[in-house]
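Asker: Please see the structure below; I have some questions.
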Amino acid sequence: MTSVSHASNSMIARVFPWKDYHTFVDVGTAQGDLAAQIALVNPHLRGFGFDLPQVALIFQQYAETLDIADRLTFVPGDFFKHDLPKTDVVLMGHILHDWDLATKKMLIRKAFDAIPSGGAIIVYDTIIDDDRSQNAFGLMMSLNMLIETSGGFDYTGADCKAWMKDAGFSAMRVEQLTGPDSMVIGIK
């Protein structure tokens, strides 16, 4: 996931207004490149990587290699069974497209519950353009997810904003990242 996501992770670290926040959690962090890129560019932040316990060691080794282990902490957990860590910003990169609609909405709701008023959610995937005419990669990825998973699919920015609104978020917007990736931001 690091090689697939690195360019978008780096861009999120630079373009989101991190100066307004102090803590974040990368949900489904794996090796932790998203958390690492954010910490490298924003030394005032303290971050968490949330994932299954089996990936703790690779997350910790990666943070140590980049000399940011003092500001990044691994939190073991299963987002189906546990609450997300309480932070200012919840990030989900290439996570939602793995799941069916009910699970997507549940994860967004868990993010809403984890952040304070004024906090943010950042979801990024190969977001399909709203009229489904330009992001061919996103459309193909959606087909791929339907084949590989029991209910996963990619989605449009309008879809994700509607799910965020249903969970209680406001001031949603979609921003293009690199290649076929875009992020949807919602403010609580």
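Asker: Summing -39500 (n - 2.57) over the DSSP H runs of n ≥ 4 in the chain and dividing by its residue number, what mean residue ellipticity at 222 nm do you reach, to the nearest 500 deg cm²/dmol?
Answerer: After summing the helix terms and dividing by the residues of the chain, the value is -11500 deg cm²/dmol.
Asker: Pop out the carbon and sulfur fraction of the accessible area of the chain as a percent, whole number, probe 1.4 Å.
Answerer: 57
Asker: Could you please state, rounded to a whole Å, how far the C-alpha centre of segment 78-105 is from the C-alpha centre of segment 1-63?
Answerer: A separation of 15 Å, based on Cα centres.
Asker: Only bridges with both residues in the chain count here: give the DSSP antiparallel percent, nearest 5.
Answerer: Of all bridge pairs located within the chain, approximately 35 percent are antiparallel.
Asker: For the chain, what percent of Cα pairs sit more than 25 Å apart?
Answerer: Here the tail beyond 25 Å accounts for 28 percent of pairs.
Asker: Shifting gears a bit: Within the set LYS110/LYS161; LYS19/LYS110; LYS86/LYS165; LYS104/LYS165; LYS19/LYS81; LYS105/LYS161, which residue pairs have Cα atoms separated by over 22 Å? Display every interim value, and only then the final one.
Answerer: Working: LYS110/LYS161 15 Å; LYS19/LYS110 24 Å; LYS86/LYS165 20 Å; LYS104/LYS165 13 Å; LYS19/LYS81 32 Å; LYS105/LYS161 11 Å.
The pairs that break the limit, which is 22 Å between Cα atoms, are LYS19/LYS110; LYS19/LYS81.
Asker: Going by the alpha-carbon gyration tensor, a ≥ b ≥ c the square roots of its eigenvalues, is segment 76-130 rounded (a/c under 1.5) or, if a/c is not under 1.5, prolate (a/b greater than b/c) versus oblate?
Answerer: oblate
Asker: For segment 1-54, state the semi-axes of the equivalent ellipsoid (square roots of 5 times the eigenvalues of the alpha-carbon gyration tensor), sorted largest first and rounded to whole angstrom.
Answerer: 18, 14, 7
Asker: In square angstrom, what is the accessible area per residue of the chain with a 1.4 angstrom probe?
Answerer: That works out to 45 Å² per residue.
Asker: Also: Could you work out the percent of alpha carbon pairs in segment 37-93 separated by over 16 Å, rounded to a whole number?
Answerer: 43
Asker: Using the Cα centre of the chain as the reference point, and only Cβ charges (+1 on K/R, -1 on D/E), how large is the resulting charge dipole? Debye, rounded to the nearest 20.
Answerer: Numbers: 15 positive and 23 negative charges, 107 e Å.
The dipole magnitude comes to about 520 debye.
The values are calculated or read from the model by the stated rules, or taken from the named source; none is laboratory data. Note that the structure is predicted; figures quoted are calculated from it, not measured. Here Cβ is always computed from backbone atoms with ideal geometry, including for glycine, and neighbour counts include all displayed protein chains. Note: accessible area is taken over every heavy atom of the protein model, side chains too, but ligands, DNA and RNA are not part of it. Shrake-Rupley method; radii C 1.70, N 1.55, O 1.52, S 1.80 Å.
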